[in-house]
Amino acid sequence: MKNLLIMLILLLTCPCAGQMSKSGSFSGQDKFFEIKYEDILKNKKVVLLSQVASNVEYIKLETNKDCLIGGIRECLFTDNLIFINNKDHILKFSRDGKFLQKIGSPGRGPGEIDLIRTMSLIPEKKMIAVQKNAIREIMYFSFDGAVIKTVKIPDALYIKVMNDGRFIAYDAGADGFNKNTFSLINENGDTISAIKNYCTWKNTSGMVLMAGSYPMPFTSKNKWYFKDRYYDTIYTVFSNKIIPSYAIKLGKYRLPDELRLERLGPNNTQVFKEKAPNYFYTTLFESAGKLFIVSNCFGKGENKYLLYDKQERIGTLLNNGSNSSTGFINDLDAGIDFWPIGVVNDNQVYRPLNIVSLKKELENKSEEIAAKYPDKKKALEKLISESDISDNPILMIVTLISR
């Protein structure tokens, strides 16, 4: 009995799965680390695409009356398929760009979609989960477009469905009184882990004001990562716990809680306009061990593009050589400079290219850069010449160099 008691004490006190160890990490997880934003701003460089990528390819999405794309907000990829959020329905394409099917019907009735807030891919079950907007529901579709089920969900800004069926819910706290910022919810609707919201206030106006875009959860190597717009920490899910993974420390550039636009209310917007240009927030995602971070200014449309290597623990502020923060200078095919908006898989990222913007951007390039692969340059020129301004976007897919 005594030995059994000793073993129980040891089990309860050791840093086992789901517990924080003395190193600041959970057993089975990478050690928590901090990214210092101000240090990255000092490391400003021109970065060629060939320094981070081994290949670039373009997928011309088919255009016909049944698959006109209003503007790409979100794409999900499998090895063979592309699913595109097209506002109130999903468009399914093959990986070579052929249109295959429209999934979901626009509307507010049963089995219809008023507006897609988020899409989640569950590849093992060949399902897509769609978070609806006005009605608090998630609809599950098969890859063939059949409605599998509809599930009631809590009121949250974004909800993503994990591969095991659990939900990650994000409440941005714009109304002033939400209990949690992030919640891990099981299929029965029970909250099993949460990150408490420490910034609450009494909303006397009844209005909800929002400044800037909200960061979306993202996946890397089958793990989910997510952060709040106003704070530094990036969280992940480990077993049945939401735990801190790493942090982007904004320092003096983080907006103080008392200056949040929604907290100031409609009668104090001038205060926000005067102070906000001094502060930034970050959005990000990961692929091939690299963090692609966009630093957005609250007060004006000024973005800074930051690359962080998780293995080397080195961050770089991308620059185009004329004191502007841009994407990677495209020396692979001498096309437009590249900054991704999302992940294809663990070593590929993508950017959608509007035909009009693509042609204009190429015409306005300040200087010609030599293409590392002249044949790719010719192929791109041919693709552009054969494209009409009314065509669907082209997906630019970049394969990253993995360490």
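Listed values for the range 45-52 are Karplus-derived 3J(HN,Hα) couplings in whole Hz (6.51 cos²θ - 1.76 cosθ + 1.60, θ = phi - 60°), namely 9, 7, 10, 7, 4, 5, 6, 10, and x replaces Gly and Pro. With both labels modelled 7 Å from their Cα along Cα-to-Cβ, the Y198 to V147 distance reads 4.4 nm. Over the chain, Cα pairs under 8 Å with separation of 6+ residues give a relative contact order of 16 percent.
Backbone amide hydrogens, once placed in the peptide plane, bring L157 within less than 5 Å of Y170, D171, A172, excluding anything fewer than 5 places away on its chain. Ranking S390, Y230, I138 by Cα position along the charge dipole of the chain, where only Lys, Arg, Asp and Glu carry charges on their C-beta atoms, puts Y230 farthest toward the positive end.
Springs between Cα atoms under 10 Å define the GNM used for the chain, and in it the highest mean-square fluctuation of D88, D375, D175 occurs at D375.
Sites listed here are GluC sites (Glu not before Pro) in the range 257-322 whose DSSP assignment is loop and whose Cβ has at most 10 other Cβ atoms within 10 Å: E312.
Here the residues D96, D171, ranked from fewest to most Cβ neighbours within 10 Å of their Cβ, fall in the order D96, D171.
Neighbour counts of C-beta atoms inside 10 Å place I314, I384 in the sequence I314, I384, starting with the fewest.
Cross-link reach is defined here as a Cα-Cα straight distance under 16 Å, omitting same-chain residues fewer than 8 places apart; for K36 the aspartates and glutamates meeting it are D232, D309, E312. For the options N86, N330, N203, a Gaussian network treatment of the chain with springs between C-alpha atoms closer than 10 Å singles out N203 as fluctuating the most. By the helix-only formula, in which each DSSP H run with n ≥ 4 contributes -39500 (n - 2.57) and the sum is divided by residues, the chain has a 222 nm mean residue ellipticity of -3500 deg cm²/dmol.
Counted without the sites themselves, the longest stretch of the chain free of chymotrypsin sites (Phe, Trp or Tyr not before Pro) in a DSSP loop having at most 14 other beta carbon atoms within 10 Å is 199-403.
In sequence order, the range 314-330 has phi-based couplings of 10, x, 9, 8, 6, 9, 9, x, 10, 6, 10, 7, 10, x, 7, 6, 7 Hz under the Karplus curve 6.51 cos²θ - 1.76 cosθ + 1.60, θ = phi - 60°, and Gly or Pro positions carry x. Exposure proxy shown here: for L395, L400, the number of other Cβ atoms within 10 Å sets the order, fewest to most, as L400, L395.
Past the 30 Å Cα-Cα mark, which pairs from K102/K196; K160/K310; K42/K273; K31/K60?
Where the Cα-Cα span goes over 30 Å, the pairs concerned are K102/K196; K31/K60.
Amide H contacts of V344 (H built 1.01 Å from N, in plane; Pro and chain starts excluded): V349, Y350 sit under 5 Å, all sequence-distant by 5 or more or on other chains. Less than 16 Å apart at the alpha-carbon level, and either on another chain or at least 8 residues along: which aspartates and glutamates does that give for K360? Reachable aspartates and glutamates: D337, E368, E381, E386, D388, D391. What is the distance in Å between the Cα centroid of the range 109-170 and that of the range 188-257? So the two Cα centres are separated by 21 Å. Under Stokes-Einstein, with the Kirkwood radius over Cα pairs as Rh, the value for the chain at 37 °C and 0.692 mPa s is 142 µm²/s. Each pair of Cα atoms in the range 328-403 enters the Kirkwood radius, and Stokes-Einstein at 37 °C and 0.692 mPa s then converts it into a translational diffusion coefficient of 248 µm²/s. Specify the residue with the greatest mean-square fluctuation among K249, K92, K126, computed from a Gaussian network of the chain linking alpha-carbon atoms under 10 Å apart. Checking each option, the largest mean-square fluctuation is seen for K126. Less than 5 angstrom separates the built amide H of N320 from those of T326, all sequence-distant by 5 or more or on a different chain.
Given K132/K304; K44/K290; K223/K290, which pairs have Cα atoms separated by over 24 Å? Check vs 24 Å cut-off fails for K132/K304.
A short reminder: the numbers here are calculations on the coordinates, not readings from a lab. This is a predicted model, so every value here is computed, not measured. A quick note on method: Cβ atoms are made from the backbone with ideal geometry, for glycine too, and the neighbour counts reach across all protein chains shown.
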